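Chemist: Okay, here's the structure, questions in a sec.
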Amino acid sequence: MKRVFVAGHRGMVGSAIVRKLNAIGGFDIVSRERESLDLTSQTDVQGFFRSEKIDQVYLAAAKVGGIHANNVYPAQFIYENLMMESNIIHQAYATGVRQLLFLGSSCIYPKLAAQPMNEASLLNGHLEPTNEPYAIAKIAGIKLCESYNRQYGVDYRSVMPTNLYGEHDNFHPENSHVIPAMMRRFHEAKLRGDSSVVVWGTGTPKREFLYVNDMAEACVHVMQLDQAIYAENTMPMMTHINVGTGKDCSIRDLAETMRQVVGFTGDIVFDTGKPDGTPRKLLDVSCINNMGWEASVSLSEGLTSTYRWFLENAAHLRAV
């Protein structure tokens, strides 16, 4: 039975990967609470890998947040993510772990990349300034995996998801991403009996969203691919794989869908004085589709499941 370390097992993606592995069965899943294992500490991570005899790693641990958090804490975002991935990838190699999956982000691509963004867009333009520190750290993680593969012959792979949402997301009113922030806003407006909800911008920008259970399924699929198939569909210096739906929707359509899912009966007001951000962000997912995986959960289905989880945990989340 393989001993699998899921780093970040309490986060949105890590917890979904644990659920998926448990559903498949046959894995001895190893996890550690943040309080007992500091992934930014080289000494702590070295001691963990030396004692636990890990066979396989899913590197889902990361410091994440929305535009506000990235703007306010840029040093923490680049430092903590660089330290976590460097410690885990190196100690995995040093203790004989042959297989590792690194989870990145679609923000690695240039702000003005051609749409849909394919894997070859990496390092071909300037990054979005608001999350550049985080993106740089994620690019470094990809290059760490590629470099260890080239020098040491290990099998370390990278997946770059589009915008993710789902159970165990961060619903903080200031530091969360668009879907959890919008869901919380609509929910609280419904409870107050508000006549309207304000959404930033014109509503015209388009974004792609992937339900976290689909992401977990994709991660396990990529990890279990034969090494020859993975190599056929990637290049030695461009080994990351996009993961998404291949479809996007406008922020206006997202807000309308969210209103229906939450059951808010008021109006949606777009504050056109607020910035829209990048007009469009869509991933080219032909590579992973060619490898035999496609997303299966629609936006409406995923939002409904997420809102059900939100309601079950709302008492705790209101205090966050």
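The values are calculated or read from the model by the stated rules, or taken from the named source; none is laboratory data. Values in this document were obtained by computation on a predicted structure and should not be read as measured data. A quick note on method: Cβ atoms are made from the backbone with ideal geometry, for glycine too, and the neighbour counts reach across all protein chains shown.
Chemist: Residue check, N233 against (1) out of contact with any helix residue (DSSP H, G or I) (no Cβ under 6 Å at 6 or more places or on another chain); (2) within 30 Å of N149 (Cα to Cα), all met but one. Which one?
Modeler: Of everything listed in (1) out of contact with any helix residue (DSSP H, G or I) (no Cβ under 6 Å at 6 or more places or on another chain); (2) within 30 Å of N149 (Cα to Cα), N233 misses just condition (1).
Chemist: Condition check: crowded, with 20+ Cβ neighbours inside 10 Å, closer than 13 Å to H240 by Cβ, touching a helix residue (DSSP H, G or I) at 6+ places or on another chain (Cβ under 8 Å) and modelled with pLDDT of 95 or more. Does I142 satisfy that? Step through it out loud before you land on a result.
Modeler: On the way: crowded, with 20+ Cβ neighbours inside 10 Å: yes; closer than 13 Å to H240 by Cβ: yes; touching a helix residue (DSSP H, G or I) at 6+ places or on another chain (Cβ under 8 Å): yes; modelled with pLDDT of 95 or more: yes.
Spelling it out, I142 is indeed crowded, with 20+ Cβ neighbours inside 10 Å, closer than 13 Å to H240 by Cβ, touching a helix residue (DSSP H, G or I) at 6+ places or on another chain (Cβ under 8 Å) and modelled with pLDDT of 95 or more.
Chemist: Here is a follow-up. Contact list please: Cβ distance under 7 Å, first residue in the range 161-174 and more than 14 Å from D214 (Cβ to Cβ), second residue part of a loop (DSSP other than H, G, I, E, B) and not acidic (D, E), pairs at least six apart or on different chains.
Modeler: Once the first residue is more than 14 Å from D214 (Cβ to Cβ) and sits in the range 161-174, its partners that are part of a loop (DSSP other than H, G, I, E, B) and not acidic (D, E) give H168/G11; N170/S176; F171/V320; H172/V320.
Chemist: OK, next. When both residues are 6+ apart or on different chains and their Cβ atoms are under 7 Å apart, which pairs have a first residue that lies in the range 82-99 and is closer than 13 Å to F49 by Cβ and at pLDDT 95 or above, and a second that is surrounded by 20 or more Cβ atoms within 10 Å (Cβ to Cβ) and among the hydroxyl-bearing types (S, T, Y)?
Modeler: Listed pairs, sorted by first residue: I89/Y156.
Chemist: Can you pull out the residues in the range 250-275 that are surrounded by 14 or more Cβ atoms within 10 Å (Cβ to Cβ), out of contact with any helix residue (DSSP H, G or I) (no Cβ under 8 Å at 6 or more places or on another chain) and in a loop (DSSP other than H, G, I, E, B)?
Modeler: none
Chemist: Just the residues that are of a type in the set (A, V, I, L, M, F, W, C) and crowded, with 21+ Cβ neighbours inside 10 Å, please, taken from the range 182-196.
Modeler: The first filter runs over the range 182-196 and keeps only residues of a type in the set (A, V, I, L, M, F, W, C), leaving 182-183, 186, 189, 191.
Scanning the range 182-196 gives M182, M183, F186.
Chemist: Restricting the range 52-70 to residues that are more than 13 Å from P133 (Cα to Cα) and of a type in the set (V, I, T), which is surrounded by the fewest Cβ atoms within 10 Å (Cβ to Cβ)?
Modeler: I54
Chemist: Name every residue in the range 218-249 that is within 26 Å of R280 (Cβ to Cβ) and in a helix (DSSP H, G or I), in order of residue number.
Modeler: Across the range 218-249, the qualifying residues are A218, C219, V222.
Chemist: Could you check, for the range 127-146, whether at least one of its residues is over 19 Å from the mean Cα position of the chain (by Cα) and under 24 Å from I229 (Cα atoms)?
Modeler: Yes, that holds for at least one residue.
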